[in-house]
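Step one of this worksheet: look at the structure below.
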Amino acid sequence: MPIITASIETEVELRVQEFTIEGRNAVIEALRSGKTIDKLYIQEGLQDGPIMTLKREAKKRDIMVKYVTRERLDQLSSTGKHQGTIAYIAAYEYAEVSDMLSLAEQKGEPPFLVLLDGIEDPHNLGAIIRTANLAGAHGVIIPKNRAVGLTATVARTSAGALNYTPVARVTNLSKTIEDLKKEGLWFVCADMGGEEMYKLNLTGPIGLVIGNEGEGVSRLVKEKCDFIASIPMKGDIDSLNASVAAGVIAYEIVRQGLTQ
């Protein structure tokens, strides 16, 4: 694995910024200009004209609004002038799932995608994107809701991998799996109750599904998977960090692909 030098880390820091927009007019203009909004907070109970406009613009763009107390917005605000709303802009643009399939086709390789079911820790997401790049995955897919987006912390942790590995954000992960099955992919998810990964055939067009740090893969998503893979463990604790689990299974997929 390549060593990250201080110069590369500095370059990533300079290239990536996390944008926070506060105030009604500023957030409305950000929405109308087409900026990619990762999170949108609105103070609960507000119903005035600008807030209603903001809600309409968010709905048009299928952006989930999180309603919070004024106290919570005060905590999030860096200016003290949020006027009841704060938006977080993605540090990188999202790709389309079709872009990933096209990338695999261009490389003459069977598609290899990593799907994340509710990863909330930006360090985990960044580490998984980095691992996906090193393992030769053609892209990473994350859900729009109840998951971290492409924040500056994610970009920094990926150590530049976001420049090369497309990340798509979808509304419904289960539906996305169904659609990708029609493209010939099959899916394996990580779960302690599954079959030992070494006993599974992890070759061909494949999607690797990694679940939430605490709850694992959700029931609905797990039901869409063709196989459930467990990682053999010899220690005294019963689970791995999500990014580590992703790396272990991703490299088993790499190993099996090399031995074909």
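The values are calculated or read from the model by the stated rules, or taken from the named source; none is laboratory data. Predicted, not measured: the structure shown is a model, and the values here were computed from it. A quick note on method: Cβ atoms are made from the backbone with ideal geometry, for glycine too, and the neighbour counts reach across all protein chains shown. Just so you know, the surface numbers come from the protein's heavy atoms only, side chains and all, with ligands and any DNA or RNA stripped out. Shrake-Rupley method; radii C 1.70, N 1.55, O 1.52, S 1.80 Å.
Quick one: length gained pulling Val254 to Thr79 fully straight, 0.36 nm per residue minus the C-alpha distance?
So the chain would gain 58.3 nm between Val254 and Thr79.
Under a 5 Å amide H to amide H cut-off, with H placed in plane at 1.01 Å, what residues pair with Phe19 once short-range neighbours are removed?
Distant-sequence amide H within range of Phe19: Ile89.
Only bridges whose two residues both fall in the chain count here: according to DSSP, what percent of them are antiparallel, nearest 5?
Taking every DSSP beta bridge with both residues in the chain, the antiparallel ones total about 25 percent.
In deg cm²/dmol and to the nearest 500, what is the mean residue ellipticity at 222 nm of the chain if only DSSP H runs of at least 4 residues count, each as -39500 (n - 2.57), divided by the residue total?
The helix-only estimate for the chain comes to -11500 deg cm²/dmol at 222 nm.
Using a basic spin-label model with each label point 7 Å from the Cα along Cα→Cβ, how many nm lie between Glu183 and Thr69?
Placing both labels 7 Å along Cα→Cβ, they lie 4.4 nm apart.
Report ³J(HN,Hα) in whole Hz for each residue of segment 210-220, in order, from the Karplus equation J = 6.51 cos²θ - 1.76 cosθ + 1.60 where θ = phi - 60°; Gly and Pro get x.
10, x, 4, 4, x, 9, x, 6, 5, 4, 5
In degrees, nearest 10, range 0 to 90: what is the angle between the Cα axis of helix 6-15 and the longest Cα principal axis of the chain?
Orientation of helix 6-15: about 50 degrees from the principal axis.
Starting from the Kirkwood Rh over alpha-carbon pairs, what translational D in µm² s⁻¹ does segment 73-138 have by Stokes-Einstein at 20 °C and 1.002 mPa s?
Details: Rh = 14.9 Å.
Taking Rh from Cα pairs, D becomes 144 µm²/s.
Relative to the first principal axis of the alpha-carbon coordinates of the chain, what is the inclination of helix 242-258, with its axis defined by its Cα atoms, in degrees from 0 to 90 and to the nearest 10?
40 degrees
Quick one: which residues, 5 or more positions from Thr151 or on another chain, have an amide H under 5 Å from its amide H? H modelled 1.01 Å from N in the peptide plane, none for Pro or chain starts.
Distant-sequence amide H within range of Thr151: Ala91.
With a cut-off of at most 12 other beta carbons within 10 Å, and DSSP calling the residue loop, which trypsin sites (Lys or Arg not before Pro) in segment 130-207 qualify? Please list them.
Arg146, Lys182
Please work out whether segment 107-260 counts as rounded, prolate or oblate from its C-alpha gyration tensor, where a ≥ b ≥ c are the square roots of the eigenvalues and a/c under 1.5 means rounded, while otherwise a/b larger than b/c means prolate and anything else oblate?
rounded
May I ask what percent, to the nearest 5, of DSSP beta bridges between residues of segment 125-260 are antiparallel?
5 percent
Given 0.36 nm per residue, what is the gain on full extension from Asp62 to Glu120 after removing their alpha carbon distance, in nm?
18.9 nm
Can you check what the Kirkwood hydrodynamic radius comes to for the chain, Cα pairs only, in Å to one decimal?
19.6 Å
Please give me, ordered by residue number, the trypsin sites (Lys or Arg not before Pro) of segment 29-115 that lie in loop per DSSP and have at most 11 other Cβ atoms within 10 Å. Don't skip to the end; give the middle numbers.
Working: sites: Arg32, Lys35, Lys39, Lys55, Arg56, Lys59, Lys60, Arg61, Lys66, Arg70, Arg72, Lys81, Lys107; in loops: Lys35, Arg61, Lys81.
Counting only loop positions with at most 11 other Cβ atoms within 10 Å, the trypsin sites (Lys or Arg not before Pro) in segment 29-115 are Lys81.
Whenever you get a sec, compute what percent of the accessible area on segment 76-222 sits on carbon and sulfur atoms (1.4 Å probe).
46 percent
Using Cα-Cα distances under 8 Å and only pairs 6 or more residues apart, what relative contact order does segment 122-203 have, in percent?
32 percent
Which of the lysines could a cross-linker bridge to Lys182, judged by Cα under 19 Å and excluding same-chain residues fewer than eight apart?
Straight-distance partners of Lys182: Lys222, Lys224.
Lysines near Lys234 by alpha-carbon distance under 23 Å, same-chain residues fewer than 8 away left out - which ones?
Answer for Lys234, where 23 Å is the Cα cut-off: Lys199, listed by chain and number.
Rounded to the nearest Å, what's the spacing between the alpha carbon centres of segment 36-110 and segment 149-208? Just the number, please.
Cα centroid to Cα centroid, the span is 23 Å.
Pairs of Cα atoms under 8 Å, at least six residues apart: use those to get the relative contact order of the chain, whole percent.
Working: 467 pairs, mean separation 47.9, N = 260.
For the chain, the relative contact order is 18 percent.
Under a 1.4 Å probe, what is the accessible area of the chain per residue, stated in Å²?
About 52 Å² of surface per residue is accessible.
Would you kindly derive the ³J(HN,Hα) couplings of segment 43-58 from the backbone phi angles with the Karplus curve 6.51 cos²θ - 1.76 cosθ + 1.60 (θ = phi - 60°), listing them in order in whole Hz, with x for Gly and Pro?
Listing the rounded values in order: 5, 5, x, 7, 9, 6, x, x, 5, 5, 4, 4, 5, 5, 5, 5 Hz.
To the nearest 20 debye, what is the magnitude of the charge dipole of the chain about its Cα centre, counting +1 on the Cβ of each Lys and Arg and -1 on the Cβ of each Asp and Glu?
That gives a dipole near 740 debye.
Is the shape of segment 97-194 best called rounded, prolate or oblate, per the rule: a/c under 1.5 gives rounded, else a/b larger than b/c gives prolate, else oblate, with a ≥ b ≥ c the square roots of the Cα gyration tensor eigenvalues?
oblate
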